[in-house]
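For reference, the structure is listed below as structure tokens.
The values are calculated or read from the model by the stated rules, or taken from the named source; none is laboratory data. What you see is a predicted model; the values in this text were computed from it and never measured. So basically every Cβ, Gly included, is an ideal-geometry build from the backbone, and we count neighbours across all protein chains shown. Ligands, DNA and RNA are stripped out before the accessible areas are found, and what is left, the full protein with its side chains, is counted by its heavy atoms. Shrake-Rupley method; radii C 1.70, N 1.55, O 1.52, S 1.80 Å.
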Amino acid sequence: MKLLLTFILLTGVTFGQDLTRKEVIMHIAQTHPVVFTGINLKGLHLEQFYFGEGSLQRTNFTKTDLRGADFTGADLQGANFEGAYLHEAIFKDAKMQNAQLWRAHLEGANLVRTDLHDAQLWKANLSNANLQGANLTDANFINADLSNANLLGANLDNTNLQGANLEGAKYDKGILEAKRLDRAINYDAEKIIK
């Protein structure tokens, strides 16, 4: 049975009583890259898990503990990370268009060159996160904590920063392309790095 599970494509799977969701996931994830399209991983503890280069579109990670997980280069389009614990997680070069990250805990996360086009990050905590070179076009950061975050080289075209805390954040002139910048907290035009 275990050998057979390695070759199953998980699309909208519901797990029975024989194996727990976590047991199936741990077994399948030993093969790389993982393909978990539309699967429900809600509330699991998957700290330090490697999802690199995986296909995880529309996967439900709601309130999942993913501290230190590695999503380098993964396809996470439309994935739901609402309330997920993503402290120091690595999303470098990941595709996260239309991802839902409401109230996600992304403290110290590596989002370098991540594509977050049209992502929803309302009230997300991105303090000390590295978003250098990220595509944040049309992303929504309403009331998000971006304190001490690195936004250098990020594409902020039409990004909503209403109520976002920018205390100690590093940003360049690209921040001027954001909307609702006038309503961001601790924004200081004199701190734009040239």
Worksheet item: Out of all the residues in the range 109-116, is one or more without any contact (Cβ under 8 Å) to a residue 24 or more places away in the chain, within 23 Å of Gln57 (Cα to Cα) and small (Gly, Ala, Ser)?
Response: yes
Worksheet item: Looking at Gly168, Gly174, which one is over 21 Å from Asp118 (Cα atoms), modelled with pLDDT of 90 or more and small (Gly, Ala, Ser)?
Response: Gly168
Discussion item. Pull out all pairs, ordered by first then second residue, where Cβ-Cβ is under 8 Å, the residues are six or more apart or on different chains, the first lies in the range 84-100 and is within 9 Å of Ala69 (Cα to Cα), and the second is at pLDDT 95 or above and acidic (Asp, Glu).
Written reply: His87/Glu107; Glu88/Glu107; Ala89/Asp70; Ile90/Asp70
Worksheet, complete the sentence: With criteria (1) modelled with pLDDT of 95 or more; (2) assigned to a strand (DSSP E or B); (3) hydrophobic (A, V, I, L, M, F, W, C), Val112 comes up short on (2)
Worksheet item: Right, Ala184: open to solvent by 10 Å² or more (accessible area, probe 1.4 Å), farther than 22 Å from Arg58 by Cα, in contact (Cβ under 8 Å) with a residue 12 or more places away in the chain and not acidic (Asp, Glu) or not?
Response: yes
Discussion item. On the basis of being among the small types (Gly, Ala, Ser), under 12 Å from the mean Cα position of the chain (by Cα) and either at positive phi or open to solvent by 40 Å² or more (accessible area, probe 1.4 Å) (or both), does Gly83 make the cut?
Written reply: yes
Fill in: Number of the exception - Ile175 against (1) open to solvent by less than 20 Å² (accessible area, probe 1.4 Å); (2) part of a loop (DSSP other than H, G, I, E, B)
(2)
Item to complete: Hey, could you check the range 143-156 for residues that are open to solvent by 10 Å² or more (accessible area, probe 1.4 Å) and in contact with a Ser or Thr (Cβ under 8 Å, 6 or more places away or on another chain) and say which is nearest to Ile175 (Cα to Cα)?
Response: Asn155
Worksheet item: So which of Thr72, Thr159, Thr64 ends up being within 13 Å of the chain's Cα centre (by Cα) and crowded, with 22+ Cβ neighbours inside 10 Å?
Response: Thr64
